[in-house]
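The values are calculated or read from the model by the stated rules, or taken from the named source; none is laboratory data. Given the structure is predicted, the values throughout are model-derived calculations rather than measurements. Because the Cβ atoms are built from the backbone with ideal geometry, glycine has one as well, and the counts that use them run over all protein chains shown. Remember, those area values only see protein heavy atoms, side chains included, never the ligands or the DNA or RNA. Shrake-Rupley method; radii C 1.70, N 1.55, O 1.52, S 1.80 Å.
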Amino acid sequence: MTLFRLDASINPANSSSRAIADIVEAEWQAANPGGTIVRKNLGNEPLPSTAWIGALGASWAPEEARTGEQRAALALAVGLAGELRSADAALLAVPLYNFGIPQHVKTWIDLVMAGAKSADEALLAGKPAVLVVVRGGAYGPGTPREGWDHSTAYLRRILADVWGADLTVVEREFTLVGVNPALDDFKDLAAQFKDAAHAAAAVAGKSLASGAGLR
Ligand SMILES: Cc1cc2nc3c(=O)[nH]c(=O)nc-3n(C[C@H](O)[C@H](O)[C@H](O)COP(=O)(O)O)c2cc1C
């Protein structure tokens with residue numbers, strides 16, 4: 001069995017999304033002691049942002065007219081799509097940055113689509129996936145920034161609706177409480193959010209291992 005794990009924190013040494021994903025991974029590993037984990041750490045090793053243009057240029061050009069750069073970009077894209085296609089389960093840990101999807105995660109998604117057999121190939125059809133989402137602030141109903149998270153709905157769309165994953169989402173908010181003094185009034189709430197997210201991660205990890213998403 002193979003688990004594909006993608007991390008996107010740009011601060012991996014002190015990452016709350018990684019900590020949650022580690023809980024999920026530990027559950028999967030416990031159920032699959034001989035399993036393989038394919039890791040992609042986009043925060044440490046981002047993909048080249050020009051590769052998507054090169055990969056599409058290659059696929060639109062006749063074989064003999066492709067530049068070396070285009071060939072390399074298409075090979076990268078095909079390889080990234082293949083990593084997902086050959087995985088049995090997927091785990092992604094993605095922080096909210098600037099109210100949207102991290103640009104290095106968007107680059108990865110664009111390249112996967114460019115390297116797939118078609119842009120809507122269901123690379124994770126019938127496979128369980130866990131998406132870990134963390135946000136420094138809080139965006140729940142009635143909060144001043146309700147509706148400002150423009151990342152999570154997009155990631156759900158791609159993972160569940162385009163790639164066909166049986167998706168479970170684990171979310172944690174207020175990770176900047178204790179870091180930003182302006183949020184000190186929310187310490188108790190933030191601690192509750194953390195505990196709830198870590199408990200949800202353990203449950204999600206079990207479902208990832210059993211092959212069923214929770215939604
Ligand atoms: C450049 C940058 C932009 C950020 N933008 C947002 C944001 O728009 N909304 C938010 O709630 N938190 C934002 N944060 C806070 C992160 O979401 C938060 O620190 C999160 O815990 C980071 O993930 P990690 O702990 O896995 O590294 C931002 C952090 C950084 C470094």
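Counting only residues that are open to solvent by 20 Å² or more (accessible area, probe 1.4 Å) and assigned to a strand (DSSP E or B), segment 91-145 holds 1 of them.
Take the residues in segment 200-215 that are part of a helix (DSSP H, G or I) and open to solvent by 60 Å² or more (accessible area, probe 1.4 Å), then tell me which one is modelled with the lowest pLDDT. The residue in question is 210. Would you call residue 15 in contact (Cβ under 8 Å) with a residue 24 or more places away in the chain, in contact with a strand residue (DSSP E or B) (Cβ under 7 Å, 6 or more places away or on another chain) and over 18 Å from residue 88 (Cα atoms)? No, not satisfied.
Checked against (1) over 16 Å from the mean Cα position of the chain (by Cα); (2) within 22 Å of residue 4 (Cβ to Cβ), residue 152 passes all but a single condition, namely (1). Take the conditions (1) assigned to a helix (DSSP H, G or I); (2) within 16 Å of the ligand (Cβ to nearest atom); (3) out of contact with any Phe, Trp or Tyr (no Cβ under 9 Å at 6 or more places or on another chain); residue 178 misses just one of them, which is (1).
Condition check ((1) over 23 Å from residue 124 (Cα atoms); (2) part of a loop (DSSP other than H, G, I, E, B)) across all residues:
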residue: 22; (1), (2): no, no
residue: 40; (1), (2): no, no
residue: 47; (1), (2): no, yes
residue: 58; (1), (2): yes, no
residue: 64; (1), (2): yes, no
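Residues in segment 36-66 that are small (Gly, Ala, Ser) and open to solvent by 70 Å² or more (accessible area, probe 1.4 Å): 49 alone.
If the condition is being farther than 26 Å from residue 124 by Cα and in contact (Cβ under 8 Å) with a residue 12 or more places away in the chain, then segment 68-83 contributes 69, 70.
The listed residues are 28, 60, and the only one of them that is of a type in the set (Phe, Trp, Tyr), at pLDDT 95 or above and more than 18 Å from the chain's Cα centre (by Cα) turns out to be 60. Scan segment 74-90 for residues that are assigned to a helix (DSSP H, G or I) and open to solvent by less than 10 Å² (accessible area, probe 1.4 Å) and the total you get is 4.
For segment 160-178, the count of residues that are more than 15 Å from the chain's Cα centre (by Cα), open to solvent by 50 Å² or more (accessible area, probe 1.4 Å) and of a type in the set (Val, Ile, Thr) is zero. For the residues 12, 33, the requirement of being away from the ligand (no atom under 16 Å from the Cβ), open to solvent by 20 Å² or more (accessible area, probe 1.4 Å) and modelled with pLDDT under 95 singles out 33.
Taking segment 115-142, which residues are basic (Lys, Arg) and within 9 Å of the ligand (Cβ to nearest atom)? 135 - this is the single residue of segment 115-142 that is basic (Lys, Arg) and within 9 Å of the ligand (Cβ to nearest atom). Output the residue which, of all residues in segment 143-175 that are more than 16 Å from the ligand (Cβ to nearest atom) and out of contact with any helix residue (DSSP H, G or I) (no Cβ under 9 Å at 6 or more places or on another chain), is farthest from residue 99 (Cα to Cα). Going through the qualifying residues, I end up with 164.
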